[in-house]
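Here's the structure, in structure tokens; my notes come after.
Here, each number is a calculation from the coordinates, and none is a lab measurement. In this text, all values refer to a predicted model and were calculated from it rather than measured experimentally. Glycine gets a Cβ as well: all are built from the backbone with ideal geometry, and neighbour counts include every protein chain shown.
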Amino acid sequence: MVVKFVLYLLQLAVSTDCIPIIHRLEQVSSDEHVGSLAENLLEALRTHTRVASRIEEVREQTRAEKKRLAMAMREKQLGALGMRTNEKGQVWASRHTLLSFH
């Protein structure tokens, strides 16, 4: 019983301070398998609901940031080609751009 309580307290302590750090380690690719070990640790910590929600929150922030960076790069590349996207994400080319390909 005491061990479960200590584990519970440890999970809560880790969730507030260490999860973002461990999550960043998930992104590391190395011969020592740091990323895989960090992922396994986070999965093991998910047994506590509050910790699990914190892990998902941190992972979602990473996904959103990667998507934002990808969209910015896409806009930059389209701009270099004389194209742009509208609010629906559809690609538009100016008449001048289309005529230059003709």
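Residue separation times 0.36 nm, minus the C-alpha to C-alpha distance between Lys67 and Met83: what's the value?
Full extension from Lys67 to Met83 adds 3.8 nm.
Could you tell me which GluC sites (Glu not before Pro) in region 10-81 are loop residues by DSSP with no more than 15 other beta carbons within 10 angstrom of their beta carbon?
In loop regions of region 10-81 (DSSP not H, G, I, E or B), the sparsely surrounded GluC sites (Glu not before Pro) are Glu32.
Just give me a number: lysine pairs in the chain, eight or more positions apart or cross-chain, with C-alpha atoms less than 22 Å apart.
For the chain, qualifying lysine pairs total 5.
In the chain, which chymotrypsin sites (Phe, Trp or Tyr not before Pro) are in a loop and have at most 15 other Cβ atoms within 10 Å, using DSSP for the loop call?
Of the chymotrypsin sites (Phe, Trp or Tyr not before Pro), not one in the loops of the chain has a Cβ with at most 15 other Cβ atoms within 10 Å.
According to the square roots a ≥ b ≥ c of the eigenvalues of the Cα gyration tensor, what is the shape class of region 2-74, taking rounded for a/c under 1.5, prolate for a/b larger than b/c otherwise, and oblate for the remainder?
Note, shape of region 2-74 comes out oblate.
Could you work out which residue, out of Val51, Val91, Val28, moves most in a Gaussian network model of the chain, that is, has the largest mean-square fluctuation with Cα springs under 10 Å?
Val91
Using only DSSP helix segments of four residues or longer, with each worth -39500 (n - 2.57), what per-residue ellipticity at 222 nm results for the chain after dividing by its residue count and rounding to 500?
Rounded to the nearest 500, it is -24000 deg cm²/dmol.
Evaluate E = 1/(1 + (r/R0)^6) for Gln27 and Val91, where r is the Cβ-Cβ distance and R0 equals 41 Å; express this FRET efficiency to the nearest 0.05.
0.85
In the Gaussian network model of the chain, springs joining C-alpha atoms below 10 Å, which of Arg46, Arg74, Arg54 carries the largest mean-square fluctuation?
Among Arg46, Arg74, Arg54, the largest mean-square fluctuation in the Gaussian network model of the chain belongs to Arg74.
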